Amino acid sequence: MFYDGYPKYVPVAEREEKALKTVAKLKKSRPDLAPVSLQTNSLARTWWAKAWNKNLESYADYAYRISRGRSYVRHRAVVHLGLKAGQIEALVQGGERHPYEVTVHIKALPKDTWTALVDSCAGQIDSLAELIEGRFPKALSELFTAKGSGLFPTPQEIRMSCSCPDGAHMCKHVAAVMYGIGVRLDENPSLLFSLRGVEIEALISTAISEKSERLLQKSGRRSARVLDDDVSTLFGIELETEEPKIGPAKVAASTSTPAAAKANKAKTPTSRKKASTRAQSLDTRD
């Protein structure tokens, strides 16, 4: 509703209450609903979320417009945000009765850019271990955030749309969704790799391969089991290994050969003698 060409002011508490009611209503028909809810007063807690927001704000195209969505995220207006490879679908509760539909498309990371990133990370074995543990290694910061050659998208790689009547390229509802993506990265950093259409497993494989090669260079006599233990310790994963097996014929031979039978027979009288001596001792005590 507009007054004198300006939208009616809606108090923050009223907007938040309206958003919560929308979530409760939508959950009845959409069990997959995923509203954005901040765990703290901060829009971003981890390096991933902070880097995402900083990347967007660093571009002149977005610097001013994206800030308009901060209030919406803080007050739970993003009632749904689903993220998959290259696409974000969201619902944002505005001043109208029904939430607005927002869609954001992000281009996949160019193959040559991803290949260059993987190659650059090959020498960062310790940093990759931190990455897999959910922490972000500072050593990889410049690689991942470099404009045009890092993981984070440029404005030219992002397309967005909103069902609201605002004709701006980035309305406040879209801006709220962009900040909402940062919140999702706080919860699960690996979503950034999925969003750009690449697999973090490629980095892990490179790290494991390099680790194995380095260990082999240090000592050519180290067994595969030792290498597996080192890799398991580094990455916190268990690698399946096969235990040595003894065939049925071998087992039978170890217990039924003439020599074994003779040895068992020789032990029998001695065992009986010990048992008899112990029994006599007990009788004497009684």
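When Asp166 is tested against the conditions (1) charged (D, E, K, R); (2) touching a residue at least 24 places away in the same chain (Cβ under 8 Å); (3) not in a helix (DSSP H, G or I), the lone failure is (2). Scanning the range 141-155 for any residue that is buried (at least 18 other Cβ atoms within 10 Å of the Cβ), part of a helix (DSSP H, G or I) and among the small types (Gly, Ala, Ser) turns up nothing. The condition (being at pLDDT 90 or above, small (Gly, Ala, Ser) and not in a strand (DSSP E or B)) is satisfied by just one residue among Ala129, Ala116, Ala108: Ala108. Just one of the numbered conditions (1) part of a helix (DSSP H, G or I); (2) under 19 Å from the mean Cα position of the chain (by Cα); (3) not acidic (Asp, Glu) is not true of Gly197; which one? Unmet for Gly197, out of (1) part of a helix (DSSP H, G or I); (2) under 19 Å from the mean Cα position of the chain (by Cα); (3) not acidic (Asp, Glu): (1). Tell me yes or no: at least one residue of the range 23-36 is surrounded by 20 or more Cβ atoms within 10 Å (Cβ to Cβ), in the same structural domain as Val183 (by TED's automatic domain parsing) and among the small types (Gly, Ala, Ser). No, the range 23-36 contains no residue that is surrounded by 20 or more Cβ atoms within 10 Å (Cβ to Cβ), in the same structural domain as Val183 (by TED's automatic domain parsing) and among the small types (Gly, Ala, Ser).
If you check Glu96, Glu101, which single one turns out to be among the acidic types (Asp, Glu) and surrounded by 15 or more Cβ atoms within 10 Å (Cβ to Cβ)?
Numbers: Glu96 fails: surrounded by 15 or more Cβ atoms within 10 Å (Cβ to Cβ).
Glu101 is the lone residue from the list that is among the acidic types (Asp, Glu) and surrounded by 15 or more Cβ atoms within 10 Å (Cβ to Cβ).
Checking Gly69, Gly94 one by one, the residue that is of a type outside the set (S, T, N, Q), touching a helix residue (DSSP H, G or I) at 6+ places or on another chain (Cβ under 9 Å) and part of a loop (DSSP other than H, G, I, E, B) is Gly94 and no other.
The values are calculated or read from the model by the stated rules, or taken from the named source; none is laboratory data. This is a predicted model, so every value here is computed, not measured. Neighbour counts are summed over all protein chains in view; Cβ atoms, including those assigned to glycine, are modelled from backbone coordinates with ideal geometry.
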